[in-house]
Amino acid sequence: MIAIVIILFAAAIAYVEFRLRSVSQKNEAYEKEATDYFASKKELKEQLDREIAERREALRLLDERLASMEKKMFYEQPVTSSRQQPQTARQMPPTDKNVFYFRWPADDGTFDDTTRQPAQTEDTYYEFRLTDATHAEFRFVTMSDTQLSKANNSSKKYIERACSFTSAKSGRYTCAPGTARLDRGRWVIIEKAKIEYL
């Protein structure tokens, strides 16, 4: 009888130990799965963060390159007669609010801001590009031989109030930008543009 009790007791202990091991193994498996899940989630988040940072950097570099190209187009290429397709701001998008045009300066060499025009025409001679709300760089620009000839023939009105030049006038030129500031509704020239005839 005692032997049976001992056997039953041993069997009960063995069963309890088996159940405890089984529960412990399941807990370990759950813990490993949870650890793997959170590790995978962390790795995925880090990877996504890296990709987002790389894309932001690529966009920043693209914006810088576009701005550099736009500035190079605006300042470095010569303005010539229409037969040679002049580089002027009319190649810029017409919706660019930072670029506008004037006909010619007043007698005192200023430009009335209320007369600005959003696009270049055969009747405008100056292209302004804002550098901030009250400052701009400007260039002398023409669209055709006829327009340039008209300006050259009346240079005191069209050119000399806002530009300086040293070489003899011709049908081709480049123009280094001048600077101006907005003062009580008028653009006052700080530094004249410099025309070089070719």
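The values are calculated or read from the model by the stated rules, or taken from the named source; none is laboratory data. Keep in mind the model is a prediction, meaning the values are calculated, not measured. Quick reminder, even Gly has a Cβ in these numbers, built from the backbone with ideal geometry, and neighbours come from all protein chains shown. The area values use the complete protein model at the heavy-atom level, side chains included, leaving out ligands, DNA and RNA. Shrake-Rupley method; radii C 1.70, N 1.55, O 1.52, S 1.80 Å.
Side notes on the structure shown:
- Where the alpha-carbon atoms of the stretch 113-189 are placed on the principal axes, they occupy 35, 25, 19 Å, in descending order.
- Cα→Cβ-extended label distance, 7 Å offset, between residue 188 and residue 167, nm: 3.4
- What the phi angles of the stretch 184-198 give under the Karplus curve with 6.51, -1.76 and 1.60, with θ = phi - 60°, is a coupling list of 6, x, 10, 8, 9, 6, 8, 9, 5, 6, 10, 9, 10, 7, 9 Hz, glycine and proline written as x.
- Computed FRET value (nearest 0.05) for residue 66 with residue 150, which takes r as the C-beta separation and R₀ as 41 Å: 0.70
- Net charge of neighbours whose Cβ lies under 12 Å from the Cβ of residue 42, counting Lys and Arg as +1 and Asp and Glu as -1: -2
- Treating each Cα of the stretch 151-194 as an identical point scatterer and summing with the Debye formula, the log10 of I(q)/I(0) at q = 0.20 Å⁻¹ comes to -0.69.
- Accessible-area value, residue 69, 1.4 Å probe, nucleic acids and ligands omitted, Å²: 100
- Electrostatic bookkeeping for residue 198 treats Lys and Arg as +1 and Asp and Glu as -1; over the other residues with beta carbon under 11 Å from its beta carbon, the sum is +1.
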